[in-house]
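Asks: First the structure, which I've put down as structure tokens, then a few questions once you've had a look.
Please treat every number below as a calculation from the coordinates, not as lab data. As the structure is a computational prediction, the values presented were derived from the model and not from experiment. Counting neighbours? That spans all protein chains shown, and the Cβs are built from the backbone with ideal geometry, glycine included.
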Amino acid sequence: MVNLVVQSFGKEYELKRATLAILSFFAHTSIDKMDAQVFLFTDKPEYFKEYLQGLPVKFMLLTPQKVKLMRGKIDFLHRMKIALIEESFLNSEGDLLYFDSDAFFIADPMPLMKKLSPEMSFMHLHEYHFEEMKNFPLPGGATFQAYLKHIEQNSFKLTDGSDFTISPKLSSWNAGVMMLHRTHAMFLPDVYALTEQTYPQTKNHASEQYAFSIVLETRTKLQTCDTVIYHYWYRIKKQIIDEFLKEQFNDGFSKKLLDEKIAIVKKWTEELPKVFENHVLTLRDNAVQKLNENKYGEGYVWAAKAIFKAPLSDGKFIKDVIYHLKRQLKGG
């Protein structure tokens with residue numbers, strides 16, 4: 001039995017993303033669907049029933065009171081991830097596969113799940129070493145630099161009362177996906193502890209991710225799993241997927257048989273990585289990023305591709321390009 005854990009609450013586009021994420025697992029997995037259990041933490045279980053009927057989904061209702069409890073005394077949204085993983089371990093047997101709603105499977109995750117052990121865990125991918133935070137540009141890098149300064153200047157208390165020093169040479173691993181062995185439930189109290197001793201002081205919204213990264217990297221052999229799941233956390237990719245799902249998740253789709261839905265979703269997940277890469281929103285974003293970095297040649301190439309793909313669809317983008325052209329001519 002494999003236990004899937006996902007959270008989705010709030011606006012409809014969040015619910016659509018989670019629907020895609022769950023269906024994509026069953027589109028790619030090699031196990032029988034009844035050998036899986038989905039723990040879906042949501043405030044709107046009724047929304048999912050027409051899309052997920054026939055799948056082994058256990059709805060874990062998120063009330064305002066429960067959300068407040070999960071956020072804890074530090075009132076931190078991402079502390080909820082620790083809490084719902086803890087609750088899923090308590091309500092299941094076997095290992096856990098956690099994934100954020102802004103992700104979808106692109107291959108069978110079971111070969112990696114079978115490698116889980118007390119000594120091995122998986123997070124989506126390796127991002128950077130904490131010591132690299134000192135180079136993150138301001139103002140956006142302020143909370144990252146605050147986090148680095150905090151861990152360099154302090155030691156932390158683990159739940160057994162022992163002191164723990166966080167080395168700046170440890171790493172941030174993306175926590176949008178985590179594969180956890182049953183025995184890793186024992187690590188959660190220290191994930192809570194590190195989160196609660198770093199978020200209030202730094203206001204870094206990745207504090208829970210850093211806590212998972214630190215605990216798993218120091219106590220297990222931590223591996224990546226990005227070969228089996230695509231995590232589209234970037235805002236432009238979220239815009240693209242929301243536009244796509246708004247069109248595709250309609251009454252016609254919801255009324256299809258489960259096997260038809262799964263087959264369609266498998267086709268989508270095979271195509272979506274390329275859709276992201278070639279979408280006009282991506283081309284525009286690439287152009288703006290390069291122009292902001294004063295890489296004018298590359299920026300204009302991306303701008304030309306975007307304009308050629310959709311010449312009349314965004315006057316604001318044309319104005320942005322003209323702004324950078326004037327800035328370049330003035331020597332900016």
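Asks: How do 177-189, 17-29 rank on mean C-beta neighbours within 10 Å, highest first?
Replies: Working: 177-189: 19.8, 17-29: 24.1.
In decreasing order of mean packing, 177-189, 17-29 become 17-29, 177-189.
Asks: What value, in deg cm²/dmol to 500, does the helix sum -39500 (n - 2.57) over DSSP H runs of n ≥ 4 give at 222 nm once divided by the residues of the chain?
Replies: -15500 deg cm²/dmol
Asks: Once phi is turned into ³J(HN,Hα) by the Karplus curve 6.51 cos²θ - 1.76 cosθ + 1.60 with θ = phi - 60°, what whole-Hz value does each residue of segment 240-255 show in order, with x for glycine and proline?
Replies: So the Karplus estimates, Gly and Pro as x, are 5, 5, 5, 5, 5, 6, 4, 7, 7, 7, 10, 4, x, 5, 5, 8 Hz.
Asks: Can you tell me the FRET efficiency between Glu46 and Ala310 if r is taken as the Cβ-Cβ distance and R0 is 51 Å, rounded to the nearest 0.05?
Replies: On the way: r = 37 Å, r/R0 = 0.73.
Approximately 0.85, to the nearest 0.05.
Asks: Quick one: His324, His129, His78, fewest Cβ neighbours within 10 Å first, how do they rank?
Replies: Fewest-to-most ranking of His324, His129, His78: His129, His78, His324.
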